[in-house]
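These notes are about the structure you will find just below.
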Amino acid sequence: MALTENSSRGSWNSKLGFILAAAGSAVGLGNIWRFPTETASNGGAAFILVYLVCCFLIGFPVMMAELSIGRNTRKNPVGAFKALAGGNKFYPLIGIWGVICGVMILSYYTVIAGWTVSYVFEEIFFFMGMTDWATWIANTENGTLNAIFSIVFMGATISIIIGGVSDGIERATKTMMPLLIAILIIMIGYVVTQPGSGEGLSVYLKPDFAEITPGLIFAAMGQAFFSLSLGMGALITYGSYLNSKENIPGAAAYVTLTDVSIAFLAGLLIIPTMYMAQSQGITIFADDGSLIAGPALIFQILPELFHELGGVLGLIFGVSFFLLLSVAALTSTISLLEVPVSYAIDEHSIPRKKAAMGVGAGILIISLVISFNVSLIDIIDLIFSQVGLPLGGILICLFLGYVWKTENAFREIDSGYSGFSNTLFGKIWSILVMVICPIVILYNLLSAIGLL
Ligand code: PHE
């Protein structure tokens, strides 16, 4: 483990390692499953445009805020707000809210991640001619199966977290991230040369501005927070393992760009694939004429396409795709689990192994309940992700701007990017964090619940 100012907590071994780990946290089911479906159900390219604005105007400044709070305090989210609160009892609640959101998101994320593993088997069974088995294992309503795959996925997550920061998280993401990008690009290369995919490409890339509504903006903002892993302290935690010579704006820019690019690539794969599937006779429009989105998109239409392809090609595409999703999900679940685990280690002096196993097992119990009641996913996602994360984002911005104060954040950022506070970018960042982000996010949340 590398030496840092506080070596007992662990740290990243290299700048690249940190960026891959943070990008691994960001890139997940949010990019490959949720982004294309949100795009499909919100007017294609118009949604992408608003999403990009949300990522760069709101997500990127909030990410810098989280990283600077984390690196300055070298603590988990609760400890970080406690350290900067000057004795105020309420401010650490921002961190506690973050830990709660992380726990709840991980609990349902594990169940969906479990499906990605079960579909790897579905593809193999189908190839081997065991269609009954394939149908049986592909049933996302089967509580027992959901529970088994959730246990498998949580087990994998816990074992990486036990390995610690550089030997566990960094090493795992360093191999998995390039693998993920490679599989994605190969699959796009195949799909865009197939008949039918051109229509999908034009839906994906040609914006219709009339589609931009308050509902679309709310969806895009929620998607930006979820996809960039913001608002719950995941990046406070990852920032706490960051060397003080690292350039925070640069790292945040890399992570944001990687996340946005992979989401864009995933859309480039999924939307043309849907139209290609249509040209092969698979239904991609629901009865009301809208494009099929939601869980059905990945877990029903794509396997149908892989089956149509058939043979070894179908097997290779099917298995690679669901493996890709599992890998992307795993680099995200480790960051979700690291938040409560680092809290247990820092605040309650529990050794890493015990903390990872105890906290992981606790969250698994909620996952098991969800396994048997999958309809809970939507409501938990609405409260703790779509509303919870932007709410956390507002609190983090206000805390940084008015309690910790931007001059202290500037001092932290300047240590790895000398003179940042005097640049135009620095000045814009402080206005974004203190004024624009809180107002825009709040306006969006209030209008979504019908108060504005
Ligand atoms: N960003 C992850 C994804 O896109 C999910 C996530 C949310 C991870 C919040 C950590 C914190 O799938």
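Each residue of segment 72-186 gets 147 Å³ once the volume of the Cα convex hull is shared out per residue. Rg then Dmax, both in Å and based on the Cα atoms of segment 287-421: 21.6, 62. Specify whether the C-alpha gyration tensor of segment 344-452 places it in the rounded, prolate or oblate class, a ≥ b ≥ c being the square roots of the eigenvalues: rounded for a/c under 1.5, otherwise prolate if a/b is larger than b/c and oblate if not. Oblate, since a/c reaches 1.5 and b/c is not below a/b.
The equivalent ellipsoid that matches the C-alpha gyration tensor of segment 196-247 spans semi-axes of 35, 16, 9 angstrom, in descending order. Against the longest principal axis of the chain, how steep is helix 437-448, in degrees 0 to 90 to the nearest 10, with axes from Cα atoms? So the helix axis and the longest Cα principal axis differ by about 40 degrees. Using +1 at the Cβ of each Lys and Arg and -1 at the Cβ of each Asp and Glu in the chain, identify which of Asn72, Pro249, Leu52 lies farthest towards the dipole's positive end. Checking the options against the dipole of the chain, the answer is Asn72. Computed over protein heavy atoms with a 1.4 Å probe, the carbon and sulfur contribution to the accessible area of segment 218-265 reaches 66%. Treating each Cα of segment 333-403 as an identical point scatterer and summing with the Debye formula, the log10 of I(q)/I(0) at q = 0.18, 0.19, 0.23, 0.25 Å⁻¹ comes to -0.91, -0.96, -1.05, -1.06. With the simple model of a label 7 Å out from the Cα in the direction of the Cβ, Thr193 to Thr135 spans 3.6 nm. With viscosity set to 1.306 mPa s and temperature to 10 °C, compute the Stokes-Einstein D of segment 247-349, Rh being the Kirkwood radius across alpha carbon pairs; µm²/s, no decimals. The diffusion coefficient I find is 96 µm²/s. Relative to the longest principal Cα axis of the chain, at what angle does helix 352-372 sit, 0 to 90 degrees, rounded to 10? On a 0 to 90 degree scale, this one is about 40.
Rounded, prolate or oblate, given the Cα gyration tensor of segment 164-262, with a/c below 1.5 counting as rounded?
Because a/c hits 1.5 or more and a/b fails to exceed b/c, segment 164-262 counts as oblate.
Peptides 158-167, 14-23, ordered by how many other C-beta atoms sit within 10 Å of their residues on average, highest first, read 14-23, 158-167. Under the rule a/c < 1.5 gives rounded, and otherwise a/b versus b/c splits prolate from oblate, where does the chain land using the Cα gyration tensor? Prolate.
Computed from the C-beta positions of Lys427 and Ser202, the FRET efficiency with R₀ = 35 Å rounds to 0.30.
Karplus-based coupling profile of segment 252-257, in residue order and whole Hz: 5, 5, 4, 5, 4, 5, with θ = phi - 60° in 6.51 cos²θ - 1.76 cosθ + 1.60 and x standing for Gly or Pro. Solvent-accessible area per residue in the chain equals 38 Å², computed with a 1.4 angstrom probe and all protein chains kept.
Ranking Gly200, Thr140, Pro390 by how far each Cα lies toward the positive end of the dipole of the chain (charges on Cβ) leaves Pro390 at the top. In this rough spin-label picture, where each label sits 7 Å from Cα along the Cβ direction, the Lys89-Ala361 distance is 3.3 nm.
Derived from the Cα gyration tensor, the three semi-axes of the equivalent ellipsoid of segment 64-140 are 46, 12, 6 Å, largest first. Suppose the Debye formula is applied to equal point scatterers at every Cα of segment 394-452; what is log10 I(q)/I(0) at q = 0.13 Å⁻¹? Here log10 of I(q) over I(0) equals -0.39. Of the two radii for segment 1-127, the radius of gyration is 1.05 times the Kirkwood radius, both from the alpha carbons; that is the Rg over Rh value.
The charge dipole of segment 3-83, taken about its Cα centre with unit charges on the Cβ of Lys, Arg, Asp and Glu (plus for the first two, minus for the last two), comes to roughly 340 debye.
What angle do you read, to the nearest 10 degrees and between 0 and 90, between the alpha-carbon axis of helix 171-191 and the longest principal axis of the chain? With rounding to tens, the tilt is 40 degrees. Under the criterion of Cα pairs below 8 Å and six or more residues apart, the relative contact order for the chain equals 33 percent.
The values are calculated or read from the model by the stated rules, or taken from the named source; none is laboratory data. It should be emphasised that the depicted structure is a prediction, and the values quoted were computed from it without experimental measurement. Don't worry about glycine lacking a Cβ; one is built from the backbone with ideal geometry, like all the others, and counts go over all protein chains shown. Side chains included, ligands, DNA and RNA excluded: accessible areas come from the protein's heavy atoms. Shrake-Rupley method; radii C 1.70, N 1.55, O 1.52, S 1.80 Å.
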